[in-house]
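Presented below is the structure to which this report refers.
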Amino acid sequence: MDIKFTGPEPTSAERLAVDAVLGPPESAWAGGKRNMDLEGRISLLGGSKARSFRDRLLPAFHAVKERFGWIPPGAFHYICKRLTVPPAEAYGVATFYHLFSMEHRKPTEVHVCEDIACRIKGSGELFNALVNAHACSTEIGIRKSPCLGLCERAPAALILKSGEQPTGGAIGCATPGNVQDALTTNSFPDQQQNWLTHSVPQLGQPQLRLLARVGHTLPQSISGYQATGGFEGLTNAIAIGPLAIINEVIASGLMGRGGAAFPTGKKWEAVAHASGPTKYVVCNADESEPGTFKDRVLLEGDPLAVIEGMAIAGIASGATKGYIYIRGEYPLSVNRVQNAIDASLASGWLGSNIQGSGHTFHIEIRKGAGAYICGEETALFNSIEGKRGEPRNKPPYPVHVGLFGKPTLINNVETLANIPWILRLGGAEYAGIGTGNSKGQKLFCVSGHVANPGVFETPFGITLKQLIALAGGTPSGAPIKAILLGGAAGTFVGPDQMDVPLTFEGTRAIGASLGSGVVMVFDETTDLGDILVRIAAFFRDESCGQCVPCRVGAIRQEELMQRLRVGQPKGSAGQEVSLLGEIAQVMRDASICGLGHTASGAIQSALRIFGTRTMQKPVPEVKP
Amino acid sequence: MSDSSYWFQPPPRPSLIPMRPQTPISPPVEVSIDGEKVSVPAGSTILDACKKIGRDTPTICYHDTLEPVNVCRVCVVEVEGSRILVPSCSRKVEPEMVIQTASDRVRHSRKMVLEFLQSSVDLSTAPQILDQARRYQTNPARYGDPSPPAIQNERDHHHAGHHEIPSGEMAQTVAQPPKVDNNLYVRDYAKCLLCYKCVEACGTDAQNTFAIAVAGRGFDGRISTEYNKPLPDSACVYCGNCIAVCPTGALSFKSEFDMRQAGTWDESLQTQTDTICSYCGVGCTLTLHVQENKIVKVTSPFEQEITEGNLCIKGRFGYSHVQNIEE
Amino acid sequence: MFGAGGGTNSYEEIENTNVILLWGSNARETHPIFFHHILKGIHNGAKLFAIDPRRTSSARWADSWLGLDVGTDIVVSNAMAREIIASGLHNPDFIRHATQGFEAYARSVEPFTLDFAERESGVPKETLREMAHTYAQADRAIICWTLGITEHHNAVDNVQSLINLALLTGHIGKYGSGLNPLRGQNNVQGGGDMGALPDRLPGFQHIEVDAFREKFNRKWNTTLPPKKGLNLTEMFHAMENGSLKALYVIGENPLQSEADRKHAEKVLRGLDFLVVQDMFLTATGELADVVLPAAAGWCESEGTVTNSERRVQRVRQALVPPKGAKDDLEILFELARRLGHDWGKPHAREIWEELRSLSPVHAGISYERLASGKGIQWPCWDDSHPGEMFLHGRLWEKPRNGPPVAFTPVAHDPPVERLCPEFPIRLTTGRRLDDYNTGVQTSGYSSPLRRGETLDLSPEDAQKLGVFPGEIVLVVSRRGAIQAPVRVTESLRQGLAFMTFHFQDNINTNILTIDETDPRSGTAEFKACAIRVERLVA
């Protein structure tokens, strides 16, 4: 390609950082040293091959960001050269992801969650305190972040330290003090094994299946994993072969746990039947829905189960390569999964000729870089391919045209974690657990005003009331005002809906949805208006901007919510509500993807239940 | 025969007319549009089918010579069995599809898309879009007065995932001063509705120069060179193929921009004449837009198979030598 | 070729071919819209080979670039042929059916082993082998070339060597396979089609064939001389030896566009009478006895041009020409009148109708049919014929339709001017995207890309010479010396320098170039002369 590079040359440190992830350059035209003996007469790296490296773009940006805290122009142009990606395109990609900055940033950043579960636990105050504490620092920058997936330990912060030895980690139940400690000591207590006990209140209970190993077994220990039934599913899968695997999954009645609840077996069957020699398995671990943290708990606590699920999916579909796309805010998950992959490879449970079966399956981790939209499956593909995380129009569906244009089996982490269990137990027996259309056990992310927030695993059929009781009810015993089901893209329900069974069909019956299993509880002290304004701001931030209904709709919705918040509606509040209805309808009807379709759902449901007065700040009661 | 016989005698006429190898033709697909049956070749889009029976289907981001990106969503229609509306520009027809183009949902979405654009983008040089807006009876004023324009380059620094919380009093827009950094092009991004056409034309769909791309995210999305460099520092080769496909006048030739500024641009005085570019042997059709015996703009017809509406810098701008006349 | 002087394919075929050899052409910059079709081909999966001494912007799109030494094209093409034959990848059925002279050709390429070719051209033999095999094994393959093939003293041999490759593999006469010279101006093709060749009447009808001449004699009521005229080289020789005394130049600027400017100037000044008809007072015009101001052909007059895919297209008047300037036709008609022949009022349409009554390949192209934007490709035999998308399909007909086509063995003949210690650097010339030829037209608009003339050097040469970018140096060839600023570019290797000829009013590149022309085509060896570079500052 005749790409024009006008940027500065990389410094040697920048070059090192990039080469560390991409390897040495193959050609002077791809950033290498000019050697006329080799390249005076021929192209070492010709056209189509040179253009085939674009999917390394995000890994390269990550490497530079981890080294410098931002993406300096010299490193940026060097990456473009290395990968034969036009700089304007690469710039468009980098600026899409909020963890990448093209402008100078301080080497250490503390991301303070400003999303729902954290803001009701004082994340605003935490942010202000940290900003004040580090106002003059040239080393430490404080930034607001969308949901960090640590809702059970709100408020949360994430420290990302760049440098030659980049470190970082999450801080749950963050205070200015423990954040400062982590910054000073460079240690992250949350990375210890035992923290998981805080996330899994049911720890040790016998009915746990998906969470059985979490907190008990070392995440990368193959022997520990096998001692608890690990790889039995994969062994069975190898024995029975693709067709029978798919039949078991179909028989299990497993529905996708990512939010869309598509029958998993059907998806697998479609990929297996799709034509072409190259197929992919993708694990969607871009868990970004505010209020959701179950996938993180699985990735950190039992990564081998996810790997085993992916390997089974590979055998069933005929794919030999899998990607697991983990959000950039989950450094510990990345670490644990990588260790688990390495251990699996070493023990022959991944790689070529798995356990002598002749099956080959490799897994590569790809890290997100701060974009909620990449949880949408086609946006996720684009992100892996080194593009902006913009969703594609469907059809064609991923089972036919997915990653790199090939048939692709994409499942959520929790869905894949169910697979080894199904293959061990048999689909029919699995289908005996749960209710009508909701089979198996479900992970619920319970947070907000409950005594014991965390991930709960129960068979389908538990009611909202029972689940909240399991989490210890509201800490103060204060009455519940509202429950958010399914996250920011979900629905608010009132306390009158406490008897709803938390199944796909049960929630649908009351016009809500289970989504990713979020159950966020708000007691009567909650300033709901603040939360609704935040939800509107969240979608305005996270809309990819591709389609008009969502790009402009999200901003008009936010403006409207602000007007209600400050009590200055255009016309009457009723007119605003009907305008919101019109905005919501075009977003739902005409947006490209699920983000736009659901961006108004929670807000509309809250206004329907509580009226527009709930938008205004509660005035503290004046005692006579 | 001697081996040089054809040197003196033209070769005989081939017995068959040379043709492109025929691909097998699949049977046509019949669909129903607003109750009317229409049959179109397999692989056609719903938009093709709508056009065939003259159904009103507004489009903005769609262009015959570019891959559909289906981002504007103004062409949406209702397809039976689909929970959401579908973009007619990219969705292929399927047998027995039942399509509604004038249902309340369709009309509502089209109206809202147009209204959203009017409320956020300067459409003053996009008369066709304004026409559509009138037809769908939009009312952009209900979002409030437009917010004041950003200062030069301010929007180019917006970081994804962070924005200032608006007051809600005024409707935010993309208003900003035009970027004038060279003698041939003006980029007036206050008029940009992010249809992606220019990016496609600069990219794989035509020019393959990749000087511009969509940067940023959400409402802060923008068309940008790397690091928002001025065009002369970018990869731009001034083919003008982006300007040719811009539906709103956000991209324009400097000649047109200057004349509009001076109030001398008058399309009623202009003639358009097709001729052939003289700068190489490819044979690109040039449409010369002439006002008062001066070329004021050069385009190429999109339906012209050689160019598909594209030109190079010489064809697009190399006409000054016929009008640098000092009278 | 084969009696029809035009590219054999349509642009759309290049989008749907499997292998493209882009030979001696930087189409990305010199034929940008044609390159769009190549790019579509690339995106559709075609493999692109670029054969060019420079790693040009076109070559940077290629899957494989072959940076041969200037003027070793025949080494490469003959070596390809030898490798194809030796590997049994030639097309014996096609060769038997449609060609003659294969055995002699095969013998002629026998010495061109890959080792020899690597030594002579500089291109590693693995790369040569890969190109040969890929080309021969492709389902469809197209060779395109430009002035890198034809601006040599042995231009015709160069072209012939490429034709041989197509015959050898049968990559001719089929959709997506063929041979395509890219024309440098909008009517290079049309000029030849219309008989602006020394030996041809319109429609490639040879002037020495009685029947053709008779047809024209009848129509024009005259007697055409039965002998061919002079090509450009021969004209210059004739001017030099005094047998050609008067010259009428229409729309050319030979003083600046001919190689070896000093020589060209001497010859033109030696004429008894020089007429220049142009839209500007060119440098050549300055020497003329009579200057006839002409309208701009492409926008101030009516007529047709023919492009590189043989498509006849309408040119239309959009502007009123400046006062005093006249359409070329008007000038010619007026001249005829003054010479005693009243041809009436000139009308482009009538002239076209006359042409198609005389040229069978244009017979079906009526002016009405030309009205649509698309134009029509010749040969177009009658009013209902669509025009031929590709040529020479007849060669595949069974039984064969018409005479076989012949292989023409060609020998390698390196550039006339060898490198030597005194002139150690090879200078090759070419064009850039935003400028055109001698700059007569393009200097009028202000291109943000324009950087003026430079002497482009490899980083290695710049370092060795101790020159820095922007430094003005003296460039010396055997014919003269000029000053030019240095530009260092990675697209050149040591020993290879590059200049354009767009800025002759300031920097006269053709002072340096060598006036060694191909006696058959009349084109000069602009692509190869020997220079040295001297620093002006100590």
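Just a few scattered comments:
- Applying the criterion of being among the small types (G, A, S) and either farther than 21 Å from C:S57 by Cβ or within 19 Å of the chain's Cα centre (by Cα) (or both) to the residues of the range A:54-100, the residue that is farthest from the other protein chains (Cβ to nearest Cβ) is A:A63.
- Once the range C:10-24 is narrowed to residues that are of a type outside the set (A, V, I, L, M, F, W, C), part of a helix (DSSP H, G or I) and touching a Gly at 6+ places or on another chain (Cβ under 8 Å), the residue that is surrounded by the fewest Cβ atoms within 10 Å (Cβ to Cβ) is C:E15.
- Scanning the range C:438-453 turns up no residue that is touching a helix residue (DSSP H, G or I) at 6+ places or on another chain (Cβ under 6 Å) and hydrophobic (A, V, I, L, M, F, W, C).
- Count of residues meeting criterion [part of a helix (DSSP H, G or I), more than 9 Å from every other protein chain (Cβ to nearest Cβ) and over 25 Å from the mean Cα position of the chain (by Cα)] in the range A:563-599: 7
- Number of residues in the range A:80-119 that are farther than 16 Å from A:I384 by Cα, in contact (Cβ under 8 Å) with a residue 60 or more places away in the chain, part of a helix (DSSP H, G or I) and of a type in the set (A, V, I, L, M): the value is 2.
- Here C:E453 meets the list (1) among the acidic types (D, E); (2) free of Cβ contacts under 8 Å to residues at least 40 places away in the same chain; (3) crowded, with 20+ Cβ neighbours inside 10 Å almost entirely, failing just condition (2).
- Taking the criterion of being farther than 16 Å from B:E308 by Cβ, part of a helix (DSSP H, G or I) and more than 8 Å from chain A (Cβ to nearest Cβ), the residues of the range C:25-76 that qualify are C:A27, C:E29, C:T30, C:D73, C:I74, C:V75, C:V76.
- Condition check for A:E364 on (1) buried (at least 16 other Cβ atoms within 10 Å of the Cβ); (2) more than 14 Å from every other protein chain (Cβ to nearest Cβ): one failure, at (1).
- Where helices (runs of 4 or more DSSP H) fall wholly inside the range A:194-301, the ranges with 2 or more residues that are outside the structural domain of A:R336 (by TED's automatic domain parsing) and within 24 Å of A:L485 (Cα to Cα) are A:196-199.
- Of the helices (runs of 4 or more DSSP H) lying entirely inside the range C:186-288, those containing at least 1 residues that are farther than 25 Å from C:A325 by Cα are C:188-193, C:210-220, C:232-240, C:261-269.
- Test set (1) outside any loop (DSSP other than H, G, I, E, B); (2) in contact with a helix residue (DSSP H, G or I) (Cβ under 6 Å, 6 or more places away or on another chain); (3) not aliphatic (A, V, I, L, M) - B:T307 fails condition number: (1)
- Some residue of the range A:550-573 being in contact with a Cys (Cβ under 8 Å, 6 or more places away or on another chain), in the same structural domain as A:R608 (by TED's automatic domain parsing) and touching a residue at least 60 places away in the same chain (Cβ under 8 Å): no
- Hey, A:S476 over 20 Å from A:V200 (Cβ atoms) and not in a helix (DSSP H, G or I) or not: yes
- All positions within the range C:296-347 that are surrounded by 15 or more Cβ atoms within 10 Å (Cβ to Cβ), of a type in the set (D, E) and away from chain B (no Cβ under 14 Å): C:E330
- Close pairs from the range A:45-59: first not assigned by TED's automatic domain parsing to the domain that holds A:N382, partner modelled with pLDDT of 95 or more and among the acidic types (D, E), Cβ under 6 Å, at least 6 apart: A:G46/C:D63; A:G47/C:D63; A:S48/C:D63; A:D55/A:E385
- Selected residue (only one of C:R432, C:R400 is surrounded by fewer than 17 Cβ atoms within 10 Å (Cβ to Cβ), within 14 Å of chain B (Cβ to nearest Cβ), in contact with a helix residue (DSSP H, G or I) (Cβ under 7 Å, 6 or more places away or on another chain) and not in a strand (DSSP E or B)): C:R400
For every residue, the table says whether it meets (1) more than 7 Å from chain C (Cβ to nearest Cβ); (2) within 30 Å of C:W145 (Cα to Cα).
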{"residue": "B:T273", "(1), (2)": "no, no"}
{"residue": "B:I276", "(1), (2)": "no, yes"}
{"residue": "B:K294", "(1), (2)": "yes, no"}
{"residue": "B:T299", "(1), (2)": "yes, yes"}
{"residue": "B:I313", "(1), (2)": "no, yes"}
{"residue": "B:Q323", "(1), (2)": "yes, no"}
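- Selection within the range C:61-78 - touching a residue at least 24 places away in the same chain (Cβ under 8 Å), of a type outside the set (F, W, Y) and in contact with a Phe, Trp or Tyr (Cβ under 9 Å, 6 or more places away or on another chain): C:A62, C:S64, C:L66, C:D73, C:I74, C:V75, C:V76, C:S77, C:N78
- Output for the range C:133-168, where each listed residue is surrounded by fewer than 24 Cβ atoms within 10 Å (Cβ to Cβ), polar (S, T, N, Q) and within 25 Å of C:A86 (Cβ to Cβ): C:T134, C:Q137, C:Q160
- Only one of the numbered conditions (1) surrounded by 21 or more Cβ atoms within 10 Å (Cβ to Cβ); (2) hydrophobic (A, V, I, L, M, F, W, C); (3) touching a Pro at 6+ places or on another chain (Cβ under 8 Å) is violated by A:A451, and that is (1).
- B:E164 fulfils the conditions (1) in the same structural domain as B:R260 (by TED's automatic domain parsing); (2) at pLDDT below 95 except for a single criterion, (1).
- Applying the set (1) at pLDDT 95 or above; (2) farther than 16 Å from A:I120 by Cα; (3) away from chain B (no Cβ under 14 Å) to A:G511 leaves exactly one unmet item: (1).
- Filtered residue count, the range B:172-203, keeping only those that are part of a loop (DSSP other than H, G, I, E, B) and of a type outside the set (A, V, I, L, M, F, W, C): 11
- Residue within the range A:133-146 that is polar (S, T, N, Q), assigned to a strand (DSSP E or B) and within 13 Å of chain B (Cβ to nearest Cβ) present: yes
- Residue match in the range C:92-115 (condition: assigned to a helix (DSSP H, G or I), within 19 Å of the chain's Cα centre (by Cα), away from chain A (no Cβ under 14 Å) and in contact (Cβ under 8 Å) with a residue 60 or more places away in the chain): no
- Residue check for B:G315: crowded, with 20+ Cβ neighbours inside 10 Å and either assigned by TED's automatic domain parsing to the domain that holds B:A126 or assigned to a loop (DSSP other than H, G, I, E, B) (or both): no
- When residues of the range C:484-509 are limited to those that are among the polar types (S, T, N, Q) and more than 19 Å from A:K4 (Cβ to Cβ), the one nearest to the other protein chains (Cβ to nearest Cβ): C:Q494
The values are calculated or read from the model by the stated rules, or taken from the named source; none is laboratory data. Just so it is clear, the model here is predicted, and its values are computed rather than measured. Don't worry about glycine lacking a Cβ; one is built from the backbone with ideal geometry, like all the others, and counts go over all protein chains shown.
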